[in-house]
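The values are calculated or read from the model by the stated rules, or taken from the named source; none is laboratory data. Computed from a prediction, not measured in an experiment: that's the story for all the values here. No Cβ is skipped: glycine too gets one built from the backbone with ideal geometry, and neighbour counts run over all protein chains shown.
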Amino acid sequence: MAEGQLILRDGISVQVFTAVSLNLKDGLFAEAMVLLEGLLERDVSIPGAASALKCAAYWREREEGGREPTDSFERGEWFLAQWRLFTAFAEQLEDVPERCMFAIKRFVFSAALDSYLAAAGPDGGMDPDVLLRLGRCCKGVGNYERAIDCLEKANREKRDSASILAELADCYSLVNETRAAKVFFREAFFLDPQAVDLAEMESPLITRLEARVRGRGFEAPQLAEWIPVYGALWGVFSVKREMKPLELGKLKQSIFQLEKGVQREWRLLPRLLTRYLWLIDHYMMGGEPRQRIDEVLERIRELDPRVHAEYTT
């Protein structure tokens, strides 16, 4: 981003970018464009000004296109979908000032939040899908405590949702509740790695892990599948809990099913390895005989010698 590189000759650029950011936050894109055009007329070489102008023009075009749905829920979906498209657009520009990106993000997520609140009704609603989106929007505007409240409610209404657990983990990490974040991230990736929206995760805990796994040569969609494996190997998902008998039974049944198809589909290997690592954790926490752990380790060695070597060294 250009924010840290902004070179000011007369102080006017600071004032203009401050005013531009306020306009962008309020959705006043035409006004922001006027300010940026004036700034560029004074000095076309100011870092970030041209890119900020393109961003403002991007949103003004969508605003004038009349594309927003009239249904409240669908309007919220539209805003979040547009945000995804916009971030891809902004990445191509390379030098968009951070304050401008943050201001646009505040506008988009605030608009989406208002839309979802209207869809939820006066009582706030208890639909877990709406609560999930409310949580995402609150996170997007920086209200992490409110986001956690919405996501906790969503989790109570819809258990074992990887999407909800991942968003909850992300928010807990952003308020420095690292232990809770590690627990929920571990659970989310165990349940369904593909349901974890990596592009929307803001926690350094997960973004750093994602970067390291990507450095091993994994790209989407394989990337998400290997994150829980390496998260366990590298001690990122270090907070564990003892499983209940029913959960252990489901884990073993899942291992049995994955073993039958592990040679037929690429995603089954990392999922099977993840479950074997969970089984080892359970055995170790429960004080099971070393022989049981060694049997699981031997199976991991057969499936992936590199993972076995990293775990045992």
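Some notes on this structure:
- Selection within segment 119-151 - crowded, with 16+ Cβ neighbours inside 10 Å, of a type in the set (D, E, K, R) and closer than 14 Å to Y172 by Cα: R136, K139, R146, D149
- Among residues of segment 236-251, those that are without any contact (Cβ under 8 Å) to a residue 24 or more places away in the chain and part of a helix (DSSP H, G or I), counted: 5
- Yes/no for M33 being farther than 30 Å from L117 by Cβ and either buried (at least 17 other Cβ atoms within 10 Å of the Cβ) or at pLDDT 90 or above (or both): no
- Taking the criterion of being hydrophobic (A, V, I, L, M, F, W, C) and over 23 Å from R133 (Cβ atoms), the only residue of segment 184-204 that qualifies is F190.
- Output for segment 176-197, where each listed residue is under 10 Å from the mean Cα position of the chain (by Cα) and either hydroxyl-bearing (S, T, Y) or surrounded by fewer than 18 Cβ atoms within 10 Å (Cβ to Cβ) (or both): D197
- Qualifying residue in segment 254-270 (condition: surrounded by 15 or more Cβ atoms within 10 Å (Cβ to Cβ), in contact with a Pro (Cβ under 9 Å, 6 or more places away or on another chain), of a type outside the set (A, V, I, L, M) and in contact (Cβ under 8 Å) with a residue 24 or more places away in the chain): yes
- Top-ranked residue of segment 204-235 - restricted to ones that are in contact with a Phe, Trp or Tyr (Cβ under 8 Å, 6 or more places away or on another chain) and in a loop (DSSP other than H, G, I, E, B), ranked as farthest from C138 (Cα to Cα): R216
- Taking segment 209-229 as the range and being at negative phi and without any contact (Cβ under 8 Å) to a residue 24 or more places away in the chain as the test, the residues that pass are E210, A211, R212, V213, R214, G215, R216, F218, E219, A220.
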